[in-house]
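Participant: Take this structure, written in structure tokens, and hold onto it; I'll ask about it next.
Please treat every number below as a calculation from the coordinates, not as lab data. In this text the structure is predicted, and so the values were computed from the model without any measurement. Positions of Cβ are backbone-derived with ideal geometry, glycine not excepted, and every protein chain shown enters the neighbour counts.
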Amino acid sequence: MENKDNIIISIHPRYASKIDSGEKIYEIRTRKLHIQDGTRVWIYRTLPEACVSSTAIVQTVICISPANAWKKYSKCMCIAKNDFDNYTKDRKEIYLLKISDVAPLRKALTLNELRKKIPPFFPPQFFKRLNPKEEIMMALLEEFTPSRKRKTPKK
């Protein structure tokens, strides 16, 4: 695997599906992630799915006001205006992770499977940096197939 940095983030299944399909290019975060361009993101789908199903590469992290983010990137964030406003409420700036190279895992790893392999595993509330020698990283890599990646179109 060419990327040195790996993180796992929790995303609602509705948005994770839009990432997988290539519709959602910008993942919204209200807190800064101290990550480098090129970081591999392992996508943990929250309940009711509760699994890691795909990965993506962070091209860049954009710090931007919510108003400007909506003006410039609303179509590629795949979120309703009301939900966006509720999520970014009272924030002067937010962070958009521009993602590409979405790749499905060979087989999604469920929360139960992750807990069997790596007890005790708890999905990250914000994000978790993954150490290459950690058991979770090894379990994820077992299901990773880089040849199946799909480039995200430029928008």
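Participant: Strictly over 26 Å apart at the Cα level, which of Lys24/Lys81; Lys24/Lys116; Lys24/Lys107; Lys92/Lys133; Lys75/Lys107 would you flag in this model?
Facilitator: Values: Lys24/Lys81 15 Å; Lys24/Lys116 32 Å; Lys24/Lys107 22 Å; Lys92/Lys133 37 Å; Lys75/Lys107 30 Å.
Where the Cα-Cα span goes over 26 Å, the pairs concerned are Lys24/Lys116; Lys92/Lys133; Lys75/Lys107.
Participant: Would you please put 15-26, 55-66, 85-96, 102-113 in order of how densely packed they are, using the mean number of other Cβ atoms within 10 angstrom per residue and starting with the highest? Numbers along the way, then the final one.
Facilitator: Numbers: 15-26: 19.7, 55-66: 18.0, 85-96: 13.7, 102-113: 16.5.
With the highest mean Cβ count within 10 Å placed first, the list reads 15-26, 55-66, 102-113, 85-96.
Participant: Hey, fewest Cβ within 10 Å first, where do Ile79, Ile43 land in order?
Facilitator: Ile79, Ile43
Participant: So what are the chain's ellipsoid semi-axes, whole angstrom, largest first, if each one is the square root of 5 times an eigenvalue of the alpha-carbon gyration tensor?
Facilitator: 26, 16, 15
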